[in-house]
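Beneath this line is the structure, given in structure tokens, with notes to follow.
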Amino acid sequence: MKKRERAKRKDNIIFLPGLEKRLTDRGLDSLQNKRYQEAVTLLEEAREHDPENSDILIGLVLAYFEAGAYKKARDMANDMLLKGIGDYLQMVDLYLTILIQLHEYHEIVATIEALFDEDEIPPDRHDHFLTILQFSRRMAENSQQEPSELPQEDRGVKELNLQSLTNLNEQMLVISNLTDKNIRPYMEEIKDFLNTESGHPFLKSLLLSLLKEQEYDKEIMVRKFTMNRTIIPTELPDIQAQPKMKEIENQLEKRLESSDPVLFENIKGMVERIFFISYPFELSPEEASAWAAAFHLLVLSYLGGGLDESNISAEYEISPEKTAQALIKIRELEEISYPNI
């Protein structure tokens, strides 16, 4: 007779047998279906139960990367390489991909040179790594040039070409490169991008946050989700301190932080993600309680719980109809909450 698996205990909390496998399977399924933030949540919890599982760790690196958390992906991939977790060359490839995204060309050069020195590269991969090495050396050298050394055509460029780029990854890189520049010379193009229906809402939120940070104080039009609004960036709330978002988080905190802190943190992450994508618009319904109940319900469903709209709505003292309305909107926004980069 097969020995029955015993429940695990951690910090006086009892976990049912096989929980980490269920979390891993669901996390990898979410990753496969491009629900990257959901995958991060599930795989992080799975790692708590099984911290050396290579499937969990590789899945989490990929989820971080796809969700845009490049530094977390880099640090975890580097740690896995140091500990020898996963297929070595596959992990090196993944690590280099993340470093390229972060423009860390000096680290790429050091990593590949070490591989050649240690004779770790099989003959059939020699040209692959040599090409990346040569490219990274050129990029590392260019990054060390003084502004006066830059080619004449690279100085004074005032075009971003955001709308001519069709690749979201390229658009993200263009915007990220604005963080250490004066954004004002690019304002006409930025205003056009914010006022078009085709621009990704996530990228528009990044731009608005950047405009507020650089204290841009003139009116601009923003379009998202078939809505439009004239705003002045300096008058907007900080993207992480939107009043309605904070009210929703306060309601959730009162009910869950003590009784179920893991659930509370998972829900809070989703709240911040949805309010990032919708910034600076306030969506219907107006009642914060409806949104709190809807977020609570949706995360419970992701974690395998049943949907009981009536009971949850009653707990938040809101009608099930209002909760359902908010739930529909959250699900719509979850589908587009982060670009697939």
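The values are calculated or read from the model by the stated rules, or taken from the named source; none is laboratory data. All figures in this text were calculated on a predicted structure; none of them were measured in a lab. Every residue, glycine among them, receives a Cβ derived from its backbone with ideal geometry; neighbour counts consider all protein chains shown. Just so you know, the surface numbers come from the protein's heavy atoms only, side chains and all, with ligands and any DNA or RNA stripped out. Shrake-Rupley method; radii C 1.70, N 1.55, O 1.52, S 1.80 Å.
Among (i) 24.5, 84; (ii) 23.2, 78; (iii) 19.1, 56, only one was calculated for this model; which label is it, if the read-out is Rg and Dmax of the Cα atoms in Å?
(ii)
Which entries of Lys71/Lys254; Lys218/Lys268; Lys34/Lys72 have Cα-Cα distances beyond 25 Å here? Please report the intermediate quantities before stating the final value.
Values: Lys71/Lys254 32 Å; Lys218/Lys268 32 Å; Lys34/Lys72 18 Å.
The answer is Lys71/Lys254; Lys218/Lys268.
Over the range 177-320, what is the mean sequence separation of C-alpha contacts under 8 Å (at least six apart), divided by residue count, expressed as relative contact order in percent? Don't jump to the answer; show the numbers that get you there.
Working: 137 pairs, mean separation 25.9, N = 144.
Averaging sequence separation for qualifying contacts and normalising by length gives 18 percent for the range 177-320.
Can you give the FRET efficiency to the nearest 0.05 for Ala110 and Met227, using r as the Cβ-Cβ distance and R₀ = 51 Å? Could you put the intermediate results ahead of the total?
On the way: r = 48 Å, r/R0 = 0.94.
The computed FRET efficiency comes out at 0.60.
State the percentage of accessible surface on the chain attributable to carbon and sulfur atoms; use a 1.4 Å probe and exclude ligands, DNA and RNA.
On the way: 8820 of 18730 Å².
The computed percentage sits at 47.
Any idea what the dipole of the chain comes to, in debye rounded to 20, about its Cα centre with Lys/Arg Cβ at +1 and Asp/Glu Cβ at -1?
Roughly 940 debye for the chain.
Using 1/(1 + (r/R0)^6) with R0 = 45 angstrom and r between the beta carbons of Asp260 and Asp124, what's the FRET efficiency to the nearest 0.05? Each step should come with its number before you reach the end.
Details: r = 51 Å, r/R0 = 1.13.
FRET efficiency, Asp260 to Asp124: 0.30.
Leaving out ligands and nucleic acids, and using a 1.4 Å probe, what accessible area per residue does the chain come to in Å²? Before the final figure, lay out each step's value.
Working: 18730 Å² over 341 residues.
In whole numbers, the chain has 55 Å² accessible per residue.
Loop only by DSSP, 12 or fewer other Cβ within 10 Å of the Cβ. Give me the trypsin sites (Lys or Arg not before Pro) in the range 19-96 that pass, ordered by residue number. Don't jump to the answer; show the numbers that get you there.
Details: sites: Lys21, Arg22, Arg26, Lys34, Arg35, Arg47, Lys71, Lys72, Arg74, Lys83; in loops: Lys34, Arg35.
Filter output for the range 19-96: Lys34.
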